[in-house]
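Structure, as structure tokens:
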């Protein structure tokens, strides 16, 4: 039998409490009443529930222990605010897999702000599929690093305790151009590279693929560079601290920017892209940052100089190299790389799978990469 149907209140359930700061019109009203009636949570002070206040680790430990008396909450303590990701992990553990029967079809990697390798990924996906968590905006984003409010905790606890309150949810697989721009623009940037004397070489495009500063671009954008700087939408600048991985042959590179908490783009399976699919290019052509253009994949898997690439029609120009080629859900399917100068809208993108295939071992400086490539070229020429 599922845990949720076995649980009994750990405390004697008081009559439903009505708090001064929880109006009956509030979206969380019923959840607050449910949770407090069962003794999982209580007011903060003198009849005030503080629904918008941060939910703390200590409060999470108390609520989950009352929710499931067998739950080991010893690892949860502190008066600091708990994040949505951490609470998801703990409520997932308190419920157990047998109590999280899926009611929603949420495909792997569909939650666009939950990294595939995050420690909390399994828990969040299980909660989405069971209807315990539903996302925080129209795009279904979870916002894992945000502080969980007491009201949000009540809603999740109510859904966890009573399957009848769980929600049916689906994540959008097709977005408008306006939505794609809105959700993706903060992840894109312009990159400027400099030689060993600090002289400007070129500008290109790129996009973040993780919140900790890892970003993708074309390897040719980094050619000859000893240093680089990126500028995100809005004008803030960040130093490129090095290269995490690259493949000159496929023209793919992952760089590391100084900073954290960046917006990032999820990566789709480029092998699944079909000819005729809608495609959006997002980059900085001629230095015009934040430029988006709509087109189609005009040939999926075009062989060019021994490499399988995506041919597409959305417009790109000089400076677009390294930008994101996006599908109709705003996921990366390629890195915009080049055009055929003799034709119109005959553009090519590096397959997004080349990004995920790169193995990150350590961060090395741009100068070291440049010297290594130069040495390899000289050796090849001499041979």
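The values are calculated or read from the model by the stated rules, or taken from the named source; none is laboratory data. Everything numeric here is computed off the predicted structure, so don't read it as measured data. Every residue, glycine among them, receives a Cβ derived from its backbone with ideal geometry; neighbour counts consider all protein chains shown.
In the stretch 256-289, the residue that is surrounded by the fewest Cβ atoms within 10 Å (Cβ to Cβ) out of those that are part of a loop (DSSP other than H, G, I, E, B) and touching a helix residue (DSSP H, G or I) at 6+ places or on another chain (Cβ under 8 Å) is 269.
Quick check on residue 70: is it at pLDDT below 95, surrounded by fewer than 23 Cβ atoms within 10 Å (Cβ to Cβ), assigned by TED's automatic domain parsing to the domain that holds residue 20 and on the phi > 0 side of the Ramachandran plot? Talk me through it step by step, then tell me what you get.
Details: at pLDDT below 95: yes; surrounded by fewer than 23 Cβ atoms within 10 Å (Cβ to Cβ): yes; assigned by TED's automatic domain parsing to the domain that holds residue 20: yes; on the phi > 0 side of the Ramachandran plot: no.
Judged against the criteria, residue 70 is not a match.
In the set (1) touching a helix residue (DSSP H, G or I) at 6+ places or on another chain (Cβ under 7 Å); (2) crowded, with 18+ Cβ neighbours inside 10 Å, residue 165 fails one condition alone, (2).
Taking the condition surrounded by fewer than 18 Cβ atoms within 10 Å (Cβ to Cβ), outside the structural domain of residue 111 (by TED's automatic domain parsing) and more than 19 Å from residue 325 (Cα to Cα), does residue 213 pass? No: the conditions fail for residue 213.
I'd like to check something: does the stretch 231-241 contain any residue that is crowded, with 22+ Cβ neighbours inside 10 Å and under 28 Å from residue 374 (Cα atoms)? Yes, the stretch 231-241 has at least one match.
The number of residues in the stretch 194-210 that are within 14 Å of the chain's Cα centre (by Cα) and not in a strand (DSSP E or B) comes to 2.
Within the stretch 290-301, not a single residue is assigned by TED's automatic domain parsing to the domain that holds residue 269, at negative phi, touching a strand residue (DSSP E or B) at 6+ places or on another chain (Cβ under 8 Å) and not in a strand (DSSP E or B). Confirm whether residue 191 is assigned to a strand (DSSP E or B), within 25 Å of residue 324 (Cα to Cα) and outside the structural domain of residue 60 (by TED's automatic domain parsing). Against the criterion (assigned to a strand (DSSP E or B), within 25 Å of residue 324 (Cα to Cα) and outside the structural domain of residue 60 (by TED's automatic domain parsing)), residue 191 qualifies.
The set of residues in the stretch 227-252 being in a loop (DSSP other than H, G, I, E, B) and over 23 Å from residue 290 (Cα atoms) consists of 248, 249, 250.
Set side by side, the residues 75, 88, 97, 13 differ, and just one is modelled with pLDDT of 95 or more and assigned by TED's automatic domain parsing to the domain that holds residue 154, which is 88.
For the stretch 164-178, the set of residues classified as over 27 Å from residue 339 (Cβ atoms) and part of a helix (DSSP H, G or I) consists of 164, 165, listed by residue number. When the stretch 285-299 is filtered for residues that are within 25 Å of the chain's Cα centre (by Cα), closer than 13 Å to residue 347 by Cα and in contact (Cβ under 8 Å) with a residue 24 or more places away in the chain, the ones remaining, listed by number, are 294, 295, 297. Restricting attention to the stretch 329-375, the residues being surrounded by 12 or more Cβ atoms within 10 Å (Cβ to Cβ), more than 23 Å from the chain's Cα centre (by Cα) and assigned to a loop (DSSP other than H, G, I, E, B) number 4.
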